[in-house]
1. Determine the relative contact order of the range 15-194: mean sequence separation of Cα pairs under 8 Å and six or more apart, normalised by residue count, in whole percent.
2. Running a GNM on the chain with Cα contacts under 10 Å, which residue among V78, V158, V24 ends up with the highest mean-square fluctuation?
3. So between S77 and V28, what do we pick up on full extension, going 0.36 nm a residue minus the alpha carbon distance?
4. Could you line up D95, D26, D9 from fewest to most neighbouring Cβ atoms inside 10 Å?
5. For the pair A48 and R189, how long in nm is the line joining their label points, each one 7 Å along Cα→Cβ?
6. Could you give the length gained on full extension between R180 and L8, defined as 0.36 nm per residue of separation minus the Cα-Cα distance, in nm?
7. Give the order of R130, R56 when sorted by the count of other beta carbons within 10 angstrom, beginning with the fewest.
8. Taking neighbour Cβ counts within 10 Å as the exposure measure, how do V61, V169, V142 sort from fewest upward?
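Where a number appears in this text, it was derived from the coordinates with a stated rule and is not lab data. Computed from a predicted model, the values in this text were never measured in an experiment. Cβ placement follows ideal geometry from the backbone for every residue including glycine, while neighbour counts extend to all protein chains displayed.
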Amino acid sequence: MIGWLAALDSDLFLFLNARLTHPVLDAVMPAITRQENWYPILGVLVVALLVWGGKRGRMAVVMLILAVTFADQLSASVLKPLIGRIRPCNVFAEDQFNLLIGCSKAFSFPSAHAANSFAMATVVRWRFPRFAVVFYVIAGAVAYSRVYVGVHYPLDTVAGAALGIGCGVAAIVIVEIVVRLWKGYRERRRTGVVRDDRAERTAEPERPSGT
């Protein structure tokens, strides 16, 4: 990472983590940052989409699975080992910053929590555009919590958010294309075009008559 950018990122981390603090946030942010605390809410959302969401709801569930898979694997399995940035909690001395949860030895850039959160927010926004602000505020809170609890630099979360949005958009586009192709195939089959095409391909060519 570019030296001046890394230095600026470190200074911003120390400001947000060590100076811009409050006892209430010290209690709330660790709860926000733990993914397992969001599983019940995510489970209710998935069930609601499957049961009451109609066709678009079922599409959204498939999009969610794809988006989170893309975001999680790209961030954790590809980019983190490739870039190899050390987490701030493994760089700074204990008296320099606030560490509110355990510090992993895994690499830091980009934040997988931020990537997954923004990937989900992007997909859910596609299904419920009226509540887009709510979803992105929640994703932003998760991303910011990673800095506040001391395990990520700000730039890690910004990159993770951008990656998550991109993965969410990619999942939406892929599912919409597949659904469109499937609809076209079913329509052709309904009207007999597919059967006619198959008949033409399987029909034996006429042999020319001898003279």
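1. After rounding, I find 29 percent.
2. Result: V24 has the largest fluctuation of those listed.
3. Result: 14.7 nm gained on full extension.
4. Going from sparsest to densest Cβ surroundings: D95, D26, D9.
5. Rounded to a tenth, the inter-label distance reads 3.4 nm.
6. Roughly 57.3 nm would be gained on extension.
7. Ascending Cβ contact count within 10 Å gives the list R130, R56.
8. Going from sparsest to densest Cβ surroundings: V169, V61, V142.
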